[in-house]
Each structure stands twice: as structure tokens, then as C-alpha cells.
Amino acid sequence: TGPNATPTPTPSTSTPPGSGGGSPTPTASVPAATAQASSQLPRPPVSAPVPQGEVIAEETSELPSQTLVVGDESVQLDLSRTLTVQKASDGTPSSVFTLSVVNPSDTEMKVRVVERIPDSVATMDDYNAGLLNFNPAPSSVKEGSVIATYAALSVPAGGSAEVKYWLEGKELSSAVLQDFSTPKLSVVSSVKTPAKPSLVASTGPTGTSP
């Protein structure tokens, strides 16, 4: 108060356009094509028939064994990766990779397997174009460059399991085997194979029949 006092400004009470009483301002819709492109996912994993043909070259790379803890025991699984280059009757080449898991123990198990396929072999573009295929189908396929995950691969006691994947129309050199990293394995479940009962000879009394 007083003759020299500065008057207090009165706050504005105007309502911004589109707010306050009345209908809310409609939101602009995203074109369907744009929404589809932004949410495009890799094609679903499927199990494809393994190509057959004349074998041109084949090489196997032994991988480091992996020790998995199953209950109170440790089980060592032996791994290898094989590249088989072959040609179909029409001359079309294909490069087939086989990842083999050998279980020498008496424990049947389901194993989670994560296999990373390097850029020198395939990319997600190859996968989405249908040039990279699998048998059996992995649980998921994602970028990095291509990472295939098998959520529960069955590996029998004293047996082995294989996963195959291949590139259609490509004849790869065995040098690409050096570009792979060791697959990651972990136990999902396990069942101990019961020991077979031993046969015991009968030692009952002997005698003569009347």
C-alpha cells in the first residue's frame, strides 16, 4: 500500500485452445504403414527340411567341452560344429552347419542352447529373406548378428542331439568356423536314468523229486 507501491499483476485466466470445457483435441493418427514398419519383427522360427545334395567339402571343429551342474553332480557335455558344403541336382549350393551336443552321462537332460551366428555366415536380412533356415526350429531368433536360442533341447543319456542351420545359395569356406564363439549351454531339467537291476543266480535248496 502507499503511493509508490507496485501493483500486483493479475494472473491470466485465459484457457489454452483445445483445453478446458469442451471436447479434448483429437490426436493425429499414425498412418498404418508407418506403424507397421516401426514394429516389424523377424519372421517366426520354423523347422525347414534339411537340403540334400552332393557333398563338396566338409570340416568339423571340436569345441571346448562344457561342464553343467545337475543336482549334486557335474556333467561334461562334448560339443562340435561341422560345416558341410553341398550342391543340389540343379547346381544350387548350400552351406549346412551342424552343432552337435554329446552327453556321455547317465542323466537325460533338457538344455538351453544359445548359438550366435557371425556376420561372415549370415545376417538378419538373410534370415528374413528366407535364406537362413533351421532344423529343428529354435525357440527364438534375434539380431546380434543372428542369435538362435533353443529353450529346451533334449539330450538323451549316453546319446547326442543336433541342431542344423544352413545358407541357401552360398558356398562358404571352412575359414568361417573360426568366426564362431562357443555356444552357451545351461540345464533346464534333468532325469537320472535308473540303473538296470543285476541278475542274481538262484541259490535255493536242491533236491530230488519224489
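Output wanted: per-residue J couplings in Hz (rounded whole) for segment 144-157, from phi through Karplus 6.51 cos²θ - 1.76 cosθ + 1.60, θ = phi - 60°, x for Gly and Pro.
x, 5, 10, 10, 9, 10, 9, 5, 7, 7, 7, 10, x, 5
Kindly identify segment 29-149 as rounded, prolate or oblate by the Cα gyration tensor criterion: order the square roots of the eigenvalues as a ≥ b ≥ c, call it rounded if a/c is under 1.5, otherwise compare a/b with b/c, prolate if a/b is larger, else oblate.
oblate
For segment 112-194, which whole-number percentage of the solvent-accessible area (1.4 Å probe, protein heavy atoms only) is attributable to carbon and sulfur atoms? Display every interim value, and only then the final one.
Numbers: 1850 of 3810 Å².
On segment 112-194, the fraction of accessible area on carbon and sulfur atoms equals 49 percent.
Residues with amide H under 5 Å of VAL70's amide H, sequence separation 5 or more or different chain, H placed in the peptide plane at 1.01 Å from N; which?
Here the answer is VAL75, since their amide H atoms fall under 5 Å of that of VAL70.
Whole-Hz Karplus ³J(HN,Hα) for segment 94-100, in order, using 6.51 cos²θ - 1.76 cosθ + 1.60 and θ = phi - 60°, x for Gly and Pro?
So the J values, rounded to whole Hz, are 8, 10, 9, 9, 10, 9, 10.
Aspartates and glutamates near LYS184 by alpha-carbon distance under 20 Å, same-chain residues fewer than 8 away left out - which ones?
Counting by Cα, and skipping residues close in sequence, LYS184 has these aspartates and glutamates nearby: GLU62, GLU73, ASP78, GLU108, GLU115, ASP119, GLU143, GLU162.
Which entries in LYS110/LYS192; LYS142/LYS164; LYS142/LYS170; LYS87/LYS170 show an alpha-carbon gap greater than 19 Å?
Numbers: LYS110/LYS192 12 Å; LYS142/LYS164 17 Å; LYS142/LYS170 21 Å; LYS87/LYS170 10 Å.
Checking Cα-Cα distances, LYS142/LYS170 exceed 19 Å.
State in Å² the accessible area per residue of segment 28-165; use a 1.4 Å probe, count heavy atoms of protein chains only, and round to the nearest integer.
About 51 Å² of surface per residue is accessible.
The values are calculated or read from the model by the stated rules, or taken from the named source; none is laboratory data. What you see is a predicted model, and the numbers here were worked out from it, not measured in a lab. Quick note on the areas: whole protein, heavy atoms, side chains included, nothing else; ligands and nucleic acids left out. Shrake-Rupley method; radii C 1.70, N 1.55, O 1.52, S 1.80 Å.
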